[in-house]
Amino acid sequence: MFRNVFKPRRGSITTPDQSLLAENRKLIERIDRRKLLRGSLSLGALSLLTGCDISDRSSVQGVLKAFSDFNDGVQAALFDPARLAPTFSPDRVVKPPRFNAYYEIEDVKPVDLSTWKLELSGLIADKRPWTLEQISALPEQEEIIRHVCVEGWDYIGQWSGPNLKDFLTRVGADLSAKYIAFHGHDDYMESIDMASALHPQTILATRYAGEPITAPFGAPLRLRTAVKLGFKNPKWIRAIEVTNTYPGGFWEKQGFNWFAGL
């Protein structure tokens, strides 16, 4: 996932300015992907943005990050928590779902379902862990929605499990908090804003196309929200944290934007 690499054409000479653009390619793609800037950024355009020497790495990184942070803020301000994403008929569901992670499917380490528990922390009144049996006993909500990857591909998936807002309410989470962080069985961690967590189409998925989710696709528990790009839907969830402290996320550390709304 996210394996594209910026390389100069064969036989060309890489100047310091080109090297600087390569270093900041992810930030540039983040800005362009969200359509804040149309087309490509040239060295001249970057110079206008920074108002300084293009070889000044800290200034370039600063202005690009400022654009990306501004982009996140605009998305958050425009987000409508009551607007529903399109849903689809069961005949369009892809079976099995498409695997995506930062490693290959052969490297997935299945969770021991017999000992698995969901840990709760942060701004939650009842922090007692939940077993899979307890979660499976909760009312189930089904969503047939489109999964959209930041790489450009998508598919229709049929997910079901407890509504996240209902679950958070049940455990006494502070619904006025800013963030929800999800920690995976691997080293993957992602977080979303509270408004997206409370969206009516955000669920804690335990089933796909009517059957329990299998190991490669996030068993026993994964987030499925209709209002975020795919990488904001962590798999193999082992812990949920409610917090007012910005938690970031796995891909945000690699240079991708945080809000990542559709």
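In this structure, is Ala239 of a type in the set (A, V, I, L, M) and over 21 Å from Ile124 (Cα atoms)? Against the criterion (of a type in the set (A, V, I, L, M) and over 21 Å from Ile124 (Cα atoms)), Ala239 does not qualify.
When only residues in region 146-167 that are within 14 Å of the chain's Cα centre (by Cα) and aliphatic (A, V, I, L, M) count, which is farthest from Ile203 (Cα to Cα)? Going through the qualifying residues, I end up with Val150. Here is a check on your reading of the model: is Glu143 over 19 Å from Ala82 (Cα atoms), acidic (Asp, Glu) and at pLDDT 95 or above? No, not satisfied. For region 101-116, the criterion of a residue being under 21 Å from the mean Cα position of the chain (by Cα), surrounded by 14 or more Cβ atoms within 10 Å (Cβ to Cβ) and of a type in the set (D, E, K, R) is satisfied by no position. Of all residues in region 118-170, those satisfying the criterion of being among the charged types (D, E, K, R) and out of contact with any strand residue (DSSP E or B) (no Cβ under 6 Å at 6 or more places or on another chain) are Asp126, Arg128, Glu133, Glu151, Lys165, Asp166, Arg170.
Beta carbons closer than 7 Å, at least 6 apart along the sequence or on distinct chains, pair a first residue in region 242-262 that is buried (at least 19 other Cβ atoms within 10 Å of the Cβ) with a second that is part of a strand (DSSP E or B) and small (Gly, Ala, Ser) for Val242/Gly122; Val242/Ala173; Pro247/Ala181; Pro247/Ser191; Gly249/Ser191.
Of the residues in region 79-90, not one is modelled with pLDDT under 90, touching a Lys or Arg at 6+ places or on another chain (Cβ under 7 Å), outside the structural domain of Lys165 (by TED's automatic domain parsing) and on the phi < 0 side of the Ramachandran plot. List every residue pair whose Cβ atoms lie under 9 Å apart, where the two residues are 6 or more positions apart in sequence or sit on different chains, the first residue falls within region 203-223 and is within 20 Å of Ala85 (Cα to Cα) and in the same structural domain as Phe167 (by TED's automatic domain parsing), and the second residue, located anywhere, is of a type in the set (Phe, Trp, Tyr) and assigned to a loop (DSSP other than H, G, I, E, B). Pairs that qualify, where the first residue is within 20 Å of Ala85 (Cα to Cα) and in the same structural domain as Phe167 (by TED's automatic domain parsing) and the partner is of a type in the set (Phe, Trp, Tyr) and assigned to a loop (DSSP other than H, G, I, E, B), are Arg222/Trp236. Restricting region 229-241 to residues that are out of contact with any Gly (no Cβ under 6 Å at 6 or more places or on another chain) and of a type in the set (Lys, Arg), the residue that is surrounded by the most Cβ atoms within 10 Å (Cβ to Cβ) is Lys232.
The values are calculated or read from the model by the stated rules, or taken from the named source; none is laboratory data. These figures come from a predicted structure and were not determined experimentally. Cβ: placed from backbone, ideal geometry, glycine included. Neighbour counts: every protein chain shown.
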